[in-house]
């Protein structure tokens, strides 16, 4: 290997982490959560302030917790518990919902990310 | 040209270099087609082993030979696979052009310049970058496509390095048996 070879190799190996850093995690850490209830009412809550939000839906009460810049469903009256198992959300664009109880939770970041892409 | 019977004929004389390029291109096309049958985990990722022949041609016979081998491979390979003038071909062709441009510039470096590994890495990365740009401009003009770039570039660097080491091993082999195929430069 010549010196130029090593130079190219080093450049390539430096380029990769830079690419990952700049093209992945583009939404960054979210600042607010948008909660939409069964009646279509929106609640915008800051992630900076810890709090517990109770939303009434057709099945009962969904409890959402905001703690340490993250948000999650603590409990839900639904059968599947998918919303609870989604766990903590903190990146802009992250989203979960309880369809049976008609409550959705989305993290709003500086930039809106896509939840699904297909072409 | 006029022959004895007075009819017009066209005759070509193939030079040694023409034969050489034809053989190398045939080899590259064979690898290209064999590789197109391999399954890929992600569209756009493939080993690019045919590029080994291009870089070997570059090191043994110069940039002009590499251009011929590479473009013949892309055009004839796509005709045989049936992708000629399809998006696949457009991507393949633009990747090949970018690679050739980059290794052309690389061969202008003073001193000992680049070896097989440097050429292969540069060619592979230029290939990915150009394909990505063309795919973004022409086929999928969506920001989200950029999420794929780091993955594709990682594959490009990995496979570029692998084919570079392969070419290096080939060159060592050529030098050890200084037969008729021995490098002239």
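The values are calculated or read from the model by the stated rules, or taken from the named source; none is laboratory data. On a predicted model such as this, the values are computed, not experimentally measured, just so you know. Here Cβ is always computed from backbone atoms with ideal geometry, including for glycine, and neighbour counts include all displayed protein chains.
Somewhere in region B:36-54, is a residue within 14 Å of chain A (Cβ to nearest Cβ) and at pLDDT 90 or above? Checked region B:36-54: no residue is within 14 Å of chain A (Cβ to nearest Cβ) and at pLDDT 90 or above. Residues in region A:8-35 that are over 17 Å from residue A:92 (Cβ atoms) and in a strand (DSSP E or B): 0 in all.
Run down A:80, A:57 and say which single residue is without any contact (Cβ under 8 Å) to a residue 60 or more places away in the chain, more than 18 Å from the chain's Cα centre (by Cα), away from chain B (no Cβ under 14 Å) and surrounded by 15 or more Cβ atoms within 10 Å (Cβ to Cβ). From the options A:80, A:57, the qualifying one is A:57. Screening region A:92-112 for residues that are over 20 Å from residue A:54 (Cβ atoms) and more than 9 Å from the chain's Cα centre (by Cα) and picking the one that is modelled with the highest pLDDT gives A:110.
Mind counting the residues in region A:1-14 that are within 41 Å of the chain's Cα centre (by Cα) and within 7 Å of chain B (Cβ to nearest Cβ)?
Number satisfying all stated conditions: 3.
Elements of the type helices (runs of 4 or more DSSP H) sitting completely within region B:1-81 and holding at least 1 residues that are free of Cβ contacts under 8 Å to residues at least 24 places away in the same chain and touching a helix residue (DSSP H, G or I) at 6+ places or on another chain (Cβ under 6 Å): these cover B:16-36, B:63-81.
The selection criterion, being within 9 Å of chain A (Cβ to nearest Cβ), more than 15 Å from residue B:51 (Cβ to Cβ), at pLDDT below 95 and not in a helix (DSSP H, G or I), holds for residue B:109.
On inspection, residue B:88 passes the criterion of being surrounded by 14 or more Cβ atoms within 10 Å (Cβ to Cβ) and either without any contact (Cβ under 8 Å) to a residue 12 or more places away in the chain or assigned to a loop (DSSP other than H, G, I, E, B) (or both). Among the residues of region B:113-166, write down those that are within 15 Å of residue B:101 (Cα to Cα) and either surrounded by fewer than 21 Cβ atoms within 10 Å (Cβ to Cβ) or facing another protein chain (nearest Cβ under 10 Å) (or both). Hits for region B:113-166 are B:114, B:118, B:119, B:120, B:121, B:122, B:124, B:125, B:129, B:130.
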